[in-house]
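To keep things clear, I will list the structure first and then write my remarks on it.
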Protein chains: 2
Amino acid sequence: MKIITFSHYKEVTDDVLKDSYAVVIDLLRATSTMIWAISNGAKGIIPVEDISEARLLKRLDESVLLGGERGGLKIEGFDLDNSPLSYKKEAIFGKTVVMTTTNGTRALKKASCAKRIFLGSFINAKKTAEYIMKETLHYNIDTISIVCAGTEEKFTLEDILCAGYFVDLFIENFPDVFLDDLSLASHVLYKKFENDPHEILKYSYHYNHLKKLGFEADLEFCLRKDFVDCVCEFRNLVVEKV
Amino acid sequence: MKIITFSHYKEVTDDVLKDSYAVVIDLLRATSTMIWAISNGAKGIIPVEDISEARLLKRLDESVLLGGERGGLKIEGFDLDNSPLSYKKEAIFGKTVVMTTTNGTRALKKASCAKRIFLGSFINAKKTAEYIMKETLHYNIDTISIVCAGTEEKFTLEDILCAGYFVDLFIENFPDVFLDDLSLASHVLYKKFENDPHEILKYSYHYNHLKKLGFEADLEFCLRKDFVDCVCEFRNLVVEKV
């Protein structure tokens, strides 16, 4: 078993991905929000790259909700922003949400040549890692790719810490696993800040950007571990519960 | 003052680099070897991308030495490989060396839009950082770019640890410096393995590759800190002593 980590979606190489199961992480906040929405009963999430594409889908099916952000903020005319806290049961139960976010959507699309694509976040990492390990053993898959969305096509610390948590969960079960250098570094970084990721993230770029925009509650939410049980998969262009 | 780190040469963005002073790091082994060669009296190093280009320069000027590697090993017909230990005073004093290496040469070329380009390694980091800090203050430069060469266009742990050492030296003098996420992560990783980088590098890809090829002495050499005083700059396509 090999674990290969990519620091942002533009780094992804199809030759590594194509035989792998991929975990896509946009911790702050796209994948955390999508997972929380599904966990709260949303039927599915359709990630799209452009605002115009989202609006087109709404014209085709009025019942869908539009969600997402640009620059961290809600898009004009959309039903929901990109804060997980907006995706309450009463708002989204039974609904399909069309979402567009800056990095998360692109990372999911970029990962689409993987055999299967899962959404990763601290909020459901344990269940997701357990499911992936079970399935990789069953189907004899020998590579897990961790695709961090990154921010503005750069290495992003919060995604890397979450990648390190996944590495930690995987190596517990696969002690002989091969880790590439970024998986190794992610794991070291995760272990160092395991008990308080805020300690290092308070110096990081995107975390501070969201803090300045007033999303402190989101930061707390997205950094809490394993209070969500559902595993989310991106298949046929839709995110759904496994 | 800002410090921006790139994990490999393909990540480099010209808009960040163009107003910055850059440090290029290919710790194992290109920049370490070039620095050691200059420190041992080589007149200059001309880094070239292709073997054929190196051979052409030798045809034009028979007095140059050819050095470099492919797959870590000496190139057929070349005078020197890429091991710093081959660049002894008696072999290279007063000579110009044309060198081609897989990642280091490309990183130097890729960094060439920076205002000035320095070579970085553990072996001379302190003197190099001191010189860069003095010059950036004098010329009012507000960005230092750290360009890791990486391996096969991927994040490479030994370059990142060395980047973290440079960050450590810079923040000692510029306590209010802005660090991007990768500079921050590099610094954390460096501090954790400051006293024994082998502890983590023994699990890393390129370090192990060189170990298997029998270059253990090179690994020891390149990870020793600050026994070289000279500062090396890449300008007009040649690496020379500042």
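Within region B:194-242, restricting attention to residues that are open to solvent by 10 Å² or more (accessible area, probe 1.4 Å), part of a loop (DSSP other than H, G, I, E, B) and within 14 Å of chain A (Cβ to nearest Cβ), which residue is nearest to residue A:184 (Cα to Cα)? Looking at the filtered set, the residue picked out is B:203. Before we move on, is residue A:230 in contact with a strand residue (DSSP E or B) (Cβ under 6 Å, 6 or more places away or on another chain) and assigned by TED's automatic domain parsing to the domain that holds residue A:158? Answer is yes for this residue. Within region B:1-20, the residues that satisfy the criterion of being open to solvent by less than 10 Å² (accessible area, probe 1.4 Å) and of a type in the set (Ser, Thr, Tyr) are B:5, B:7, B:20.
Filtering region B:22-29 for residues that are in contact (Cβ under 8 Å) with a residue 24 or more places away in the chain, open to solvent by 10 Å² or more (accessible area, probe 1.4 Å) and farther than 18 Å from residue B:215 by Cα leaves an empty set.
For (1) of a type in the set (Ser, Thr, Tyr); (2) free of Cβ contacts under 8 Å to residues at least 12 places away in the same chain; (3) open to solvent by less than 50 Å² (accessible area, probe 1.4 Å); (4) at positive phi, each residue gets a yes or a no:
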site: A:43; (1), (2), (3), (4): no, no, no, no
site: A:54; (1), (2), (3), (4): no, no, yes, no
site: A:57; (1), (2), (3), (4): no, no, yes, no
site: A:75; (1), (2), (3), (4): no, no, yes, no
site: A:78; (1), (2), (3), (4): no, no, yes, no
site: A:83; (1), (2), (3), (4): yes, no, yes, no
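I'm trying to understand the selection: among the residues of region A:112-142, which are over 16 Å from the mean Cα position of the chain (by Cα) and either open to solvent by less than 10 Å² (accessible area, probe 1.4 Å) or within 14 Å of chain B (Cβ to nearest Cβ) (or both)? A:136, the sole residue that qualifies. Considering only region B:62-88, state which residues are in contact with an Asp or Glu (Cβ under 8 Å, 6 or more places away or on another chain) and part of a strand (DSSP E or B). Once the filter is applied, which keeps residues that are in contact with an Asp or Glu (Cβ under 8 Å, 6 or more places away or on another chain) and part of a strand (DSSP E or B), region B:62-88 yields B:65, B:66, B:67, B:68, B:73. For region B:7-21, a tally of residues being under 9 Å from residue B:110 (Cβ atoms), of a type in the set (A, V, I, L, M, F, W, C) and within 11 Å of chain A (Cβ to nearest Cβ) returns 0. Applying the criterion of being in contact with a Gly (Cβ under 6 Å, 6 or more places away or on another chain) and modelled with pLDDT of 95 or more to the residues of region A:95-111, the residue that is surrounded by the fewest Cβ atoms within 10 Å (Cβ to Cβ) is A:96. Within region B:143-170, the set of residues being open to solvent by 20 Å² or more (accessible area, probe 1.4 Å) and within 11 Å of another protein chain (Cβ to nearest Cβ) comprises B:152, B:153, B:154.
Each residue in region A:167-193 was checked for being among the aromatic types (Phe, Trp, Tyr), at pLDDT 95 or above and assigned to a loop (DSSP other than H, G, I, E, B), and 1 pass.
The values are calculated or read from the model by the stated rules, or taken from the named source; none is laboratory data. Because the structure is a prediction, the values reported are computed rather than measured. Counting neighbours? That spans all protein chains shown, and the Cβs are built from the backbone with ideal geometry, glycine included. Side chains are part of the model used for accessible areas, which takes the heavy atoms of the whole protein and leaves out ligands, DNA and RNA. Shrake-Rupley method; radii C 1.70, N 1.55, O 1.52, S 1.80 Å.
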